[in-house]
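The values are calculated or read from the model by the stated rules, or taken from the named source; none is laboratory data. Here the structure is a predicted model, which means the values were calculated and not measured. When we count neighbours, we look across all protein chains shown, and the Cβ atoms used for this are built from the backbone with ideal geometry, even at glycine.
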Amino acid sequence: MPPASRFLRLSFLAALLLLNGCAAVARGAPDSFAPLVKKVLPAVVNIAVTEASPVRDLNRAIPPELRDTPMGREPRRRFGDGRQRSMGAGSGFIVDPSGVIVTNNHVVGRAERIVVSLTDGRQFPARLIGQDQLTDIAVIKIEAGGPLPFVTWGDSRRMEVGDWILSAGNPFGLRGSVTAGIVSAEGRDLGSGPFDNFLQIDAPVNPGNSGGPVFNMDGQVIGVSAVIVSPTGASVGIGFAIPSDSAAPVVRQLMAKGTIARGWLGVSLEDGEAGAAVAGLEPTGPAASAGLRTGDLVVAVDGAAVASARDLIRAVATVAPGKRTRVTVHRDGQTLDVPVVVGQRPTAQTR
C-alpha cells in the first residue's frame, strides 16, 4: 500500500475509534426508566417520626387568677409538661443489608420515635446511630430479621450538568414515588452552612422527599434530596441534593463512630485574592499556636490549592484532629509553609 494511502487508512481508523469512544461515554435518555426503578426502589423507605414540640410560655399564657381554676388546669392537662406531639415524614435509603439507612438530619434529628416502612409493606422501629447537623445527614438502623435490599454510592464528581438522574422518595406521603430529570447545576451554596455544595436538580421533589436518594443511570446514589426552593412549598423544578462525595464519608464515619470529628484551625476568614485571608485568630487555637498571623493569605493545605475561605474550611475539616498538616501562606511578599497540628472543631464553630 502506498504511504499516502496507508496514512489515510490509519487516520480513518483512528477517527472511527474516537467516534466509537465518544459514543460509549455519551448516554442518551433511556427508552424507559422502569428497569432502573425495579432495581433501586426496594431499597427506598418511608420514614415516619414523632417528636415533642415545646409549647411556648404555657404558664405565662394563663393569667395567674385562672391557673387554679378548671379553665387554667385544662391546658396543663392537655399538654402535660409543656410539650405536645407532632408528626413528620421523610424518606431514606438502605445502604447495608443489615438495615442501615441514610436520611436527612432534619427528618430524624429530634425524633422521639422513628418508624420505617419498606416497599413490601413491612414496618420496623428504627434507632438513631448518628447525625451531623452541618451536612444534614443522619444514619438510622432497623432490625428486620434478615438481609434487606440495598443500594450503593456513586461518584457525584463524575456527574455533569445535563446528566440524567432519577429521584425517589415519598412526597406528601405517597410512598414509592419516582421522578426523573437532569442535573441543573453543581456546587450550589445556599448559605445554610460552611459545607454547602449542593447538586441542583430539576426532577420534581416535594415535602416528604427529604432524605431520599438521587440515582445516576447505573442505579448508584449520587445525591441525597435535602432542599427545595419554592414560593408555594411544592416543586417548581428547583431542588437540591447533597452530593455523594460529601454524604458518603459522613455516613461511613457515623456508622463507625456515631459522631463526626472535623479538623479546625481556630481562625476567622475572609475571601482573599486567590486564597483565604486570616482576619482573626483564637488566642489558644491551633493556627495561633503554629505561628499563623492576622493578614496571612492561605493559598494551600498539604499542597492542595485553596481559592476562598470556604475552600479552606472544607479542606481543614477533612483533616483528622491531631494530625499535622502543612498550611501554605503568602506573608509580606514571601511564601511560607507553616506546620499546624489541626484541632477538633467545636460543635458550634463555623471556621
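The figures follow:
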{"item": "Close pairs from region 206-225: first among the hydroxyl-bearing types (Ser, Thr, Tyr), partner surrounded by fewer than 24 Cβ atoms within 10 Å (Cβ to Cβ), Cβ under 7 Å, at least 6 apart", "result": "Ser210/His106"}
{"item": "Residue within region 171-178 that is assigned to a strand (DSSP E or B), outside the structural domain of Ala48 (by TED's automatic domain parsing) and without any contact (Cβ under 8 Å) to a residue 60 or more places away in the chain present", "result": "yes"}
{"item": "Flag if Phe195 is at pLDDT below 90 and either in contact with a helix residue (DSSP H, G or I) (Cβ under 7 Å, 6 or more places away or on another chain) or not basic (Lys, Arg) (or both)", "result": "yes"}
{"item": "Hey, Gln253 assigned by TED's automatic domain parsing to the domain that holds Asp196 and modelled with pLDDT under 95 or not", "result": "yes"}
{"item": "Test result for Val100, of a type in the set (A, V, I, L, M) and at pLDDT 95 or above", "result": "yes"}
{"item": "Qualifying residue in region 180-192 (condition: outside any strand (DSSP E or B) and either surrounded by 15 or more Cβ atoms within 10 Å (Cβ to Cβ) or more than 15 Å from the chain's Cα centre (by Cα) (or both))", "result": "no"}
{"item": "Cross-chain or 6+ apart pairs with Cβ under 7 Å, region 37-52 first and closer than 18 Å to Lys141 by Cα and assigned by TED's automatic domain parsing to the domain that holds Phe172, then surrounded by 22 or more Cβ atoms within 10 Å (Cβ to Cβ) and polar (S, T, N, Q)", "result": "none"}
{"item": "Which listed residue, of Ala315, Ala304, Ala300, Ala279, is out of contact with any strand residue (DSSP E or B) (no Cβ under 8 Å at 6 or more places or on another chain), free of Cβ contacts under 8 Å to residues at least 40 places away in the same chain and closer than 23 Å to Asp196 by Cβ", "result": "Ala304"}
{"item": "Matching residues, region 140-170, being in a loop (DSSP other than H, G, I, E, B), more than 17 Å from Gly121 (Cα to Cα) and of a type in the set (A, V, I, L, M)", "result": "Val151, Met159, Val161"}
{"item": "Criterion (surrounded by fewer than 23 Cβ atoms within 10 Å (Cβ to Cβ), in the same structural domain as His330 (by TED's automatic domain parsing) and not hydrophobic (A, V, I, L, M, F, W, C)) met by exactly one of Asp296, Asp245, Asp218, Asp302", "result": "Asp302"}
{"item": "Set Val95, Val161, Val139, Val107: member being in contact (Cβ under 8 Å) with a residue 24 or more places away in the chain and in contact with a Phe, Trp or Tyr (Cβ under 8 Å, 6 or more places away or on another chain)", "result": "Val95"}
